[in-house]
Amino acid sequence: MPQILNNALDAVGNTPLIRLDKIAVLYGLKCNLLGKVEFMSAGGSVKDRIAKAMIEAAEKEGKLIPGKSVVIEPTSGNTGIGLAMACAIKGYSVIITLPNKMSLEKEAALRALGAEVVRTPTEAAWDSSESHIGVARKLQKEIPYGIILDQYGNVNNPLAHELTTGPEIIEAVKSTPSTSARVSSQKVDAIICGAGTGGTISGISRAIKKTHNKDCIVVGVDPEGSILAIPSSLNTKTEGAAYVVEGIGYDFIPDVLSRNSADIDEWIKTNDNEAFDAVQLLMRNEGLLVGGSSGSALSGTLKWLETRKDIAEKEGLNVVIVLPDGIRNYMSKEWFLNRALHREPTPLAHNIAKILQKSNTNDVERT
(Lines give C-alpha, C1' and ligand atoms only; values in the text may rest on other atoms or scores of the structure.)
Protein backbone atom coordinates (compact mmCIF):
# COMPACT_ATOMS: atom_id res chain seq x y z
CA MET A 1 0.00 0.00 0.00
CA PRO A 2 1.18 3.58 -0.66
CA GLN A 3 2.73 5.14 2.41
CA ILE A 4 4.80 8.12 3.49
CA LEU A 5 8.50 7.21 3.68
CA ASN A 6 10.72 8.51 6.45
CA ASN A 7 13.55 9.55 4.12
CA ALA A 8 15.17 8.82 0.75
CA LEU A 9 16.90 5.69 2.08
CA ASP A 10 13.46 4.10 2.42
CA ALA A 11 13.14 4.52 -1.35
CA VAL A 12 16.29 2.49 -2.09
CA GLY A 13 15.62 -0.73 -3.99
CA ASN A 14 12.23 -2.30 -4.72
CA THR A 15 12.85 -1.58 -8.40
CA PRO A 16 10.67 -3.07 -11.14
CA LEU A 17 11.31 -6.09 -13.33
CA ILE A 18 10.21 -5.02 -16.82
CA ARG A 19 9.58 -7.12 -19.92
CA LEU A 20 11.89 -6.36 -22.85
CA ASP A 21 9.43 -7.82 -25.35
CA LYS A 22 10.27 -5.59 -28.32
CA ILE A 23 13.96 -6.49 -28.14
CA ALA A 24 13.07 -10.16 -27.75
CA VAL A 25 10.96 -10.02 -30.91
CA LEU A 26 13.66 -8.07 -32.76
CA TYR A 27 16.19 -10.84 -32.02
CA GLY A 28 13.80 -13.75 -32.50
CA LEU A 29 13.89 -14.83 -28.86
CA LYS A 30 11.14 -17.04 -27.49
CA CYS A 31 12.34 -16.86 -23.88
CA ASN A 32 11.12 -14.06 -21.63
CA LEU A 33 13.66 -11.23 -21.60
CA LEU A 34 13.31 -9.24 -18.36
CA GLY A 35 15.19 -6.14 -17.16
CA LYS A 36 15.78 -5.33 -13.48
CA VAL A 37 15.67 -1.53 -13.77
CA GLU A 38 17.88 -0.12 -11.02
CA PHE A 39 17.90 3.56 -12.03
CA MET A 40 14.46 3.78 -10.41
CA SER A 41 16.10 3.52 -6.97
CA ALA A 42 16.34 6.75 -4.97
CA GLY A 43 19.96 7.58 -5.85
CA GLY A 44 19.69 6.33 -9.41
CA SER A 45 21.63 3.08 -9.38
CA VAL A 46 22.05 -0.45 -8.05
CA LYS A 47 24.82 0.90 -5.80
CA ASP A 48 22.29 2.64 -3.55
CA ARG A 49 21.69 -0.77 -1.98
CA ILE A 50 25.27 -1.36 -0.87
CA ALA A 51 25.76 2.24 0.25
CA LYS A 52 22.76 1.94 2.58
CA ALA A 53 23.87 -1.51 3.80
CA MET A 54 27.47 -0.49 4.48
CA ILE A 55 26.49 2.70 6.32
CA GLU A 56 23.89 0.96 8.48
CA ALA A 57 26.24 -1.92 9.30
CA ALA A 58 29.03 0.49 10.28
CA GLU A 59 26.62 2.34 12.54
CA LYS A 60 25.55 -0.89 14.28
CA GLU A 61 29.20 -1.84 14.79
CA GLY A 62 30.00 1.59 16.28
CA LYS A 63 32.44 2.45 13.51
CA LEU A 64 30.65 5.69 12.60
CA ILE A 65 30.51 8.51 15.12
CA PRO A 66 27.82 11.16 14.54
CA GLY A 67 29.31 14.61 14.05
CA LYS A 68 32.87 13.27 13.76
CA SER A 69 33.22 10.47 11.22
CA VAL A 70 34.32 11.27 7.68
CA VAL A 71 33.34 8.60 5.15
CA ILE A 72 35.99 8.21 2.43
CA GLU A 73 35.37 5.96 -0.57
CA PRO A 74 37.17 5.19 -3.85
CA THR A 75 34.50 4.61 -6.48
CA SER A 76 33.50 4.78 -10.13
CA GLY A 77 30.80 7.19 -8.96
CA ASN A 78 27.55 5.38 -8.29
CA THR A 79 28.58 3.96 -4.91
CA GLY A 80 29.78 7.44 -4.06
CA ILE A 81 26.42 8.95 -4.95
CA GLY A 82 24.65 6.37 -2.79
CA LEU A 83 27.01 7.07 0.10
CA ALA A 84 26.72 10.85 -0.31
CA MET A 85 22.93 10.54 -0.24
CA ALA A 86 23.05 8.41 2.92
CA CYS A 87 25.58 10.73 4.58
CA ALA A 88 23.49 13.80 3.73
CA ILE A 89 20.55 12.18 5.53
CA LYS A 90 22.56 10.89 8.49
CA GLY A 91 24.89 13.86 8.95
CA TYR A 92 28.34 12.45 8.09
CA SER A 93 30.98 14.23 6.03
CA VAL A 94 32.04 12.35 2.89
CA ILE A 95 35.01 12.38 0.52
CA ILE A 96 34.86 10.56 -2.80
CA THR A 97 37.96 9.72 -4.85
CA LEU A 98 37.03 9.35 -8.51
CA PRO A 99 39.11 8.48 -11.61
CA ASN A 100 39.25 11.22 -14.27
CA LYS A 101 37.48 8.92 -16.74
CA MET A 102 34.22 9.13 -14.82
CA SER A 103 31.58 11.56 -16.00
CA LEU A 104 31.21 15.21 -14.99
CA GLU A 105 27.58 14.44 -14.11
CA LYS A 106 28.72 12.03 -11.41
CA GLU A 107 30.97 14.66 -9.88
CA ALA A 108 28.20 17.26 -10.07
CA ALA A 109 25.73 14.93 -8.35
CA LEU A 110 28.27 14.13 -5.64
CA ARG A 111 29.01 17.79 -4.97
CA ALA A 112 25.30 18.64 -4.99
CA LEU A 113 24.84 16.07 -2.19
CA GLY A 114 27.60 17.75 -0.18
CA ALA A 115 30.51 15.43 -0.95
CA GLU A 116 34.09 16.53 -1.48
CA VAL A 117 35.45 15.02 -4.72
CA VAL A 118 39.08 14.24 -5.54
CA ARG A 119 39.88 13.24 -9.12
CA THR A 120 42.68 10.74 -9.81
CA PRO A 121 44.51 9.60 -12.98
CA THR A 122 42.52 7.00 -14.90
CA GLU A 123 45.68 5.25 -16.02
CA ALA A 124 47.00 4.74 -12.46
CA ALA A 125 47.12 1.05 -11.50
CA TRP A 126 44.81 0.10 -8.65
CA ASP A 127 47.73 -0.44 -6.24
CA SER A 128 49.44 2.84 -7.12
CA SER A 129 49.49 5.63 -4.52
CA GLU A 130 48.01 7.88 -7.24
CA SER A 131 44.97 5.68 -7.96
CA HIS A 132 41.54 6.42 -6.52
CA ILE A 133 42.15 3.59 -4.03
CA GLY A 134 45.64 4.83 -3.13
CA VAL A 135 44.49 8.44 -2.65
CA ALA A 136 41.56 7.33 -0.47
CA ARG A 137 43.95 5.35 1.76
CA LYS A 138 46.28 8.35 1.98
CA LEU A 139 43.43 10.63 3.05
CA GLN A 140 42.11 8.09 5.55
CA LYS A 141 45.49 8.00 7.32
CA GLU A 142 45.65 11.77 7.67
CA ILE A 143 42.05 12.81 8.36
CA PRO A 144 40.80 12.36 11.95
CA TYR A 145 37.89 9.91 12.19
CA GLY A 146 38.26 9.06 8.51
CA ILE A 147 36.82 5.66 7.57
CA ILE A 148 36.85 3.73 4.30
CA LEU A 149 33.83 1.44 4.11
CA ASP A 150 35.56 -0.36 1.19
CA GLN A 151 33.02 -1.65 -1.30
CA TYR A 152 35.72 -3.93 -2.76
CA GLY A 153 36.08 -5.94 0.45
CA ASN A 154 33.00 -5.18 2.55
CA VAL A 155 30.84 -8.28 3.05
CA ASN A 156 27.76 -6.05 3.14
CA ASN A 157 28.23 -5.39 -0.57
CA PRO A 158 27.25 -8.89 -1.81
CA LEU A 159 25.05 -9.41 1.24
CA ALA A 160 22.88 -6.42 0.30
CA HIS A 161 22.11 -8.10 -3.01
CA GLU A 162 21.62 -11.51 -1.45
CA LEU A 163 19.07 -10.00 0.94
CA THR A 164 17.32 -7.48 -1.36
CA THR A 165 18.02 -7.54 -5.10
CA GLY A 166 17.93 -11.31 -5.50
CA PRO A 167 14.74 -11.85 -3.45
CA GLU A 168 13.01 -9.00 -5.32
CA ILE A 169 13.76 -10.69 -8.65
CA ILE A 170 12.60 -14.08 -7.35
CA GLU A 171 9.37 -12.66 -5.92
CA ALA A 172 8.52 -10.76 -9.14
CA VAL A 173 9.01 -13.87 -11.28
CA LYS A 174 7.19 -16.24 -8.91
CA SER A 175 4.22 -13.93 -8.34
CA THR A 176 3.58 -13.27 -12.04
CA PRO A 177 1.25 -16.03 -13.27
CA SER A 178 1.90 -18.09 -16.36
CA THR A 179 -0.82 -17.57 -18.98
CA SER A 180 -1.42 -18.77 -22.52
CA ALA A 181 -0.41 -15.32 -23.75
CA ARG A 182 2.64 -15.05 -21.50
CA VAL A 183 4.03 -18.48 -20.64
CA SER A 184 6.42 -18.58 -17.68
CA SER A 185 8.40 -21.26 -15.88
CA GLN A 186 7.85 -19.05 -12.81
CA LYS A 187 11.53 -19.53 -12.06
CA VAL A 188 14.58 -17.38 -12.70
CA ASP A 189 16.21 -19.59 -15.32
CA ALA A 190 19.17 -17.34 -16.17
CA ILE A 191 20.50 -14.04 -14.93
CA ILE A 192 23.06 -11.80 -16.64
CA CYS A 193 24.91 -9.07 -14.78
CA GLY A 194 27.94 -6.87 -15.36
CA ALA A 195 30.81 -7.21 -12.89
CA GLY A 196 32.54 -4.26 -11.24
CA THR A 197 33.25 -4.95 -7.59
CA GLY A 198 31.37 -8.18 -8.26
CA GLY A 199 29.11 -7.76 -5.26
CA THR A 200 25.93 -7.48 -7.31
CA ILE A 201 26.37 -10.67 -9.32
CA SER A 202 27.79 -12.67 -6.40
CA GLY A 203 24.99 -11.72 -4.01
CA ILE A 204 22.16 -12.19 -6.51
CA SER A 205 23.57 -15.57 -7.52
CA ARG A 206 23.64 -16.79 -3.93
CA ALA A 207 20.07 -15.67 -3.31
CA ILE A 208 18.76 -17.46 -6.39
CA LYS A 209 20.83 -20.64 -6.23
CA LYS A 210 20.43 -21.16 -2.47
CA THR A 211 16.74 -20.44 -2.07
CA HIS A 212 15.05 -20.59 -5.47
CA ASN A 213 16.65 -22.43 -8.39
CA LYS A 214 20.00 -24.17 -7.97
CA ASP A 215 20.10 -24.73 -11.75
CA CYS A 216 19.80 -21.04 -12.63
CA ILE A 217 22.59 -20.06 -15.04
CA VAL A 218 24.46 -16.96 -13.86
CA VAL A 219 26.45 -15.09 -16.53
CA GLY A 220 29.00 -12.37 -15.76
CA VAL A 221 29.66 -9.60 -18.28
CA ASP A 222 33.16 -8.09 -18.33
CA PRO A 223 34.36 -5.29 -20.64
CA GLU A 224 37.32 -5.84 -22.95
CA GLY A 225 40.37 -4.44 -21.16
CA SER A 226 39.32 -5.83 -17.76
CA ILE A 227 40.63 -9.02 -16.14
CA LEU A 228 37.62 -10.29 -14.18
CA ALA A 229 36.36 -12.98 -16.57
CA ILE A 230 37.16 -16.68 -16.23
CA PRO A 231 38.97 -18.47 -17.79
CA SER A 232 41.73 -15.84 -17.88
CA SER A 233 42.28 -16.62 -21.55
CA LEU A 234 39.12 -14.57 -22.23
CA ASN A 235 41.00 -11.49 -21.00
CA THR A 236 44.40 -12.03 -22.64
CA LYS A 237 43.72 -10.48 -26.03
CA THR A 238 42.57 -7.11 -24.69
CA GLU A 239 44.07 -6.99 -21.17
CA GLY A 240 45.00 -3.45 -20.19
CA ALA A 241 43.21 -1.82 -23.12
CA ALA A 242 41.33 1.38 -22.30
CA TYR A 243 37.54 1.27 -22.37
CA VAL A 244 34.97 4.03 -22.04
CA VAL A 245 32.08 2.25 -20.32
CA GLU A 246 31.97 3.11 -16.62
CA GLY A 247 31.28 1.13 -13.46
CA ILE A 248 32.28 -2.36 -14.58
CA GLY A 249 35.61 -4.12 -15.06
CA TYR A 250 38.88 -3.74 -13.14
CA ASP A 251 42.62 -4.36 -13.33
CA PHE A 252 42.47 -6.33 -10.06
CA ILE A 253 40.13 -8.94 -8.54
CA PRO A 254 37.95 -7.41 -5.79
CA ASP A 255 37.58 -9.56 -2.67
CA VAL A 256 33.76 -9.48 -2.86
CA LEU A 257 33.69 -10.99 -6.35
CA SER A 258 33.13 -14.74 -6.25
CA ARG A 259 34.96 -16.40 -9.13
CA ASN A 260 33.69 -19.77 -7.96
CA SER A 261 31.90 -21.59 -10.78
CA ALA A 262 29.23 -22.54 -8.27
CA ASP A 263 28.23 -18.85 -8.16
CA ILE A 264 29.01 -17.63 -11.69
CA ASP A 265 28.58 -20.24 -14.40
CA GLU A 266 29.82 -18.39 -17.47
CA TRP A 267 31.49 -15.14 -18.57
CA ILE A 268 31.03 -12.99 -21.67
CA LYS A 269 33.30 -10.16 -22.87
CA THR A 270 31.82 -7.03 -24.49
CA ASN A 271 33.25 -3.87 -26.04
CA ASP A 272 32.25 -0.21 -25.93
CA ASN A 273 30.50 -0.07 -29.30
CA GLU A 274 28.38 -3.11 -28.49
CA ALA A 275 27.45 -1.59 -25.14
CA PHE A 276 26.50 1.83 -26.48
CA ASP A 277 24.54 0.40 -29.40
CA ALA A 278 22.61 -1.70 -26.86
CA VAL A 279 21.87 1.44 -24.80
CA GLN A 280 20.27 2.94 -27.90
CA LEU A 281 18.35 -0.29 -28.45
CA LEU A 282 16.90 -0.12 -24.92
CA MET A 283 15.98 3.54 -25.29
CA ARG A 284 14.41 3.39 -28.73
CA ASN A 285 12.58 0.08 -28.30
CA GLU A 286 11.75 -0.15 -24.59
CA GLY A 287 11.76 3.52 -23.52
CA LEU A 288 14.34 2.84 -20.79
CA LEU A 289 16.85 5.66 -20.22
CA VAL A 290 19.75 3.46 -19.12
CA GLY A 291 23.51 3.99 -18.86
CA GLY A 292 26.46 2.34 -20.57
CA SER A 293 26.89 -0.62 -18.24
CA SER A 294 23.24 -1.53 -18.83
CA GLY A 295 24.14 -1.67 -22.52
CA SER A 296 27.04 -3.97 -21.68
CA ALA A 297 24.63 -6.27 -19.83
CA LEU A 298 22.18 -6.39 -22.74
CA SER A 299 24.84 -6.84 -25.41
CA GLY A 300 26.41 -9.60 -23.33
CA THR A 301 23.01 -11.26 -22.98
CA LEU A 302 22.37 -11.20 -26.72
CA LYS A 303 25.85 -12.62 -27.45
CA TRP A 304 25.37 -15.35 -24.85
CA LEU A 305 21.92 -16.32 -26.14
CA GLU A 306 23.42 -16.81 -29.61
CA THR A 307 25.40 -19.68 -28.09
CA ARG A 308 22.48 -21.01 -26.03
CA LYS A 309 19.67 -21.76 -28.45
CA ASP A 310 18.29 -24.20 -25.88
CA ILE A 311 17.38 -21.16 -23.77
CA ALA A 312 16.77 -18.54 -26.44
CA GLU A 313 14.27 -20.70 -28.31
CA LYS A 314 12.37 -22.14 -25.35
CA GLU A 315 9.11 -20.39 -24.57
CA GLY A 316 8.54 -19.59 -20.91
CA LEU A 317 12.13 -19.51 -19.69
CA ASN A 318 12.91 -16.31 -17.75
CA VAL A 319 16.18 -14.55 -18.57
CA VAL A 320 16.81 -11.59 -16.26
CA ILE A 321 19.25 -8.77 -17.09
CA VAL A 322 20.42 -6.40 -14.36
CA LEU A 323 20.35 -2.81 -15.71
CA PRO A 324 22.51 -0.98 -13.13
CA ASP A 325 21.89 2.71 -13.73
CA GLY A 326 20.34 5.41 -15.91
CA ILE A 327 21.53 7.90 -18.51
CA ARG A 328 21.52 10.83 -16.04
CA ASN A 329 25.22 10.40 -15.33
CA TYR A 330 26.36 10.21 -18.96
CA MET A 331 24.47 12.87 -20.92
CA SER A 332 27.58 14.93 -21.71
CA LYS A 333 29.57 11.90 -22.84
CA GLU A 334 30.60 11.83 -26.49
CA TRP A 335 29.23 8.33 -27.03
CA PHE A 336 25.77 9.41 -25.92
CA LEU A 337 25.70 12.77 -27.73
CA ASN A 338 26.81 11.13 -30.98
CA ARG A 339 23.96 8.64 -30.83
CA ALA A 340 21.34 11.10 -29.54
CA LEU A 341 22.08 14.25 -31.54
CA HIS A 342 24.14 13.25 -34.56
CA ARG A 343 22.28 10.24 -35.88
CA GLU A 344 21.17 9.87 -39.50
CA PRO A 345 17.89 11.72 -40.24
CA THR A 346 14.82 9.48 -40.19
CA PRO A 347 12.18 9.44 -42.94
CA LEU A 348 9.97 11.43 -40.57
CA ALA A 349 12.71 14.06 -40.17
CA HIS A 350 12.98 14.36 -43.96
CA ASN A 351 9.20 14.78 -44.15
CA ILE A 352 9.27 17.51 -41.49
CA ALA A 353 12.01 19.35 -43.40
CA LYS A 354 10.02 19.20 -46.66
CA ILE A 355 6.87 20.53 -44.97
CA LEU A 356 8.74 23.42 -43.34
CA GLN A 357 10.63 24.22 -46.55
CA LYS A 358 7.36 24.31 -48.46
CA SER A 359 5.78 26.50 -45.79
CA ASN A 360 8.71 28.93 -45.89
CA THR A 361 8.54 29.10 -49.70
CA ASN A 362 4.80 29.88 -49.57
CA ASP A 363 5.41 32.61 -46.99
CA VAL A 364 8.02 34.23 -49.23
CA GLU A 365 5.70 34.10 -52.25
CA ARG A 366 2.87 35.76 -50.29
CA THR A 367 5.13 38.64 -49.29
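The values are calculated or read from the model by the stated rules, or taken from the named source; none is laboratory data. Here the structure is a predicted model, which is why all the values come from computation and not from measurement. A quick note on method: Cβ atoms are made from the backbone with ideal geometry, for glycine too, and the neighbour counts reach across all protein chains shown. We work out accessible area using only protein heavy atoms, side chains counted, and drop any ligands, DNA or RNA first. Shrake-Rupley method; radii C 1.70, N 1.55, O 1.52, S 1.80 Å.
What to note about this one:
- In segment 226-270, the residues that are crowded, with 19+ Cβ neighbours inside 10 Å, of a type in the set (Phe, Trp, Tyr) and in a loop (DSSP other than H, G, I, E, B): Tyr243, Tyr250
- Conditions (1) open to solvent by 10 Å² or more (accessible area, probe 1.4 Å); (2) of a type outside the set (S, T, N, Q); (3) within 28 Å of Leu282 (Cβ to Cβ); (4) in a loop (DSSP other than H, G, I, E, B); number of the one not met by Gly43: (1)
- In segment 118-160, the residues that are assigned to a loop (DSSP other than H, G, I, E, B), charged (D, E, K, R) and exposed (fewer than 15 other Cβ atoms within 10 Å of the Cβ): Glu123, Asp127, Glu130
- Complete set of residues in segment 24-37 that are touching a strand residue (DSSP E or B) at 6+ places or on another chain (Cβ under 6 Å) and farther than 17 Å from Gly316 by Cβ: Gly35, Lys36, Val37
- Annotation: Glu274 fulfils all but one of (1) in a loop (DSSP other than H, G, I, E, B); (2) on the phi < 0 side of the Ramachandran plot; (3) touching a Ser or Thr at 6+ places or on another chain (Cβ under 6 Å); (4) not hydroxyl-bearing (Ser, Thr, Tyr); the unmet one is (1).
- Residues in segment 53-96 that are more than 30 Å from Val245 (Cβ to Cβ) and crowded, with 24+ Cβ neighbours inside 10 Å: Tyr92 alone.
- Segment 330-351: number of residues that are of a type in the set (A, V, I, L, M, F, W, C) and in a loop (DSSP other than H, G, I, E, B): 1
- Lone unmet requirement of (1) under 30 Å from Ile89 (Cβ atoms); (2) assigned to a helix (DSSP H, G or I) for Lys22: (1)
- Taken over segment 279-325, residues that are charged (D, E, K, R) and farther than 25 Å from Ser178 by Cα amount to 4.
- Qualifying position, being farther than 10 Å from Trp267 by Cα and touching a helix residue (DSSP H, G or I) at 6+ places or on another chain (Cβ under 7 Å), among Ala190, Ala229: Ala190
- Residues in segment 174-203 that are open to solvent by 10 Å² or more (accessible area, probe 1.4 Å) and of a type in the set (A, V, I, L, M): Ala181, Val183.
- In segment 282-303, the residues that are surrounded by 21 or more Cβ atoms within 10 Å (Cβ to Cβ), part of a helix (DSSP H, G or I) and of a type in the set (A, V, I, L, M, F, W, C): Leu282, Ala297, Leu298, Leu302
- Being open to solvent by less than 20 Å² (accessible area, probe 1.4 Å), touching a Ser or Thr at 6+ places or on another chain (Cβ under 7 Å) and of a type outside the set (Gly, Ala, Ser) is a description that does not apply to Ile23.
- Matching entry among Ile89, Ile81, Ile65 (being in contact (Cβ under 8 Å) with a residue 12 or more places away in the chain, assigned to a loop (DSSP other than H, G, I, E, B) and not hydroxyl-bearing (Ser, Thr, Tyr)): Ile65
- Candidates Thr179, Thr200, filtered to the one that is at pLDDT 95 or above, among the polar types (S, T, N, Q) and within 28 Å of Gly62 (Cβ to Cβ): Thr200
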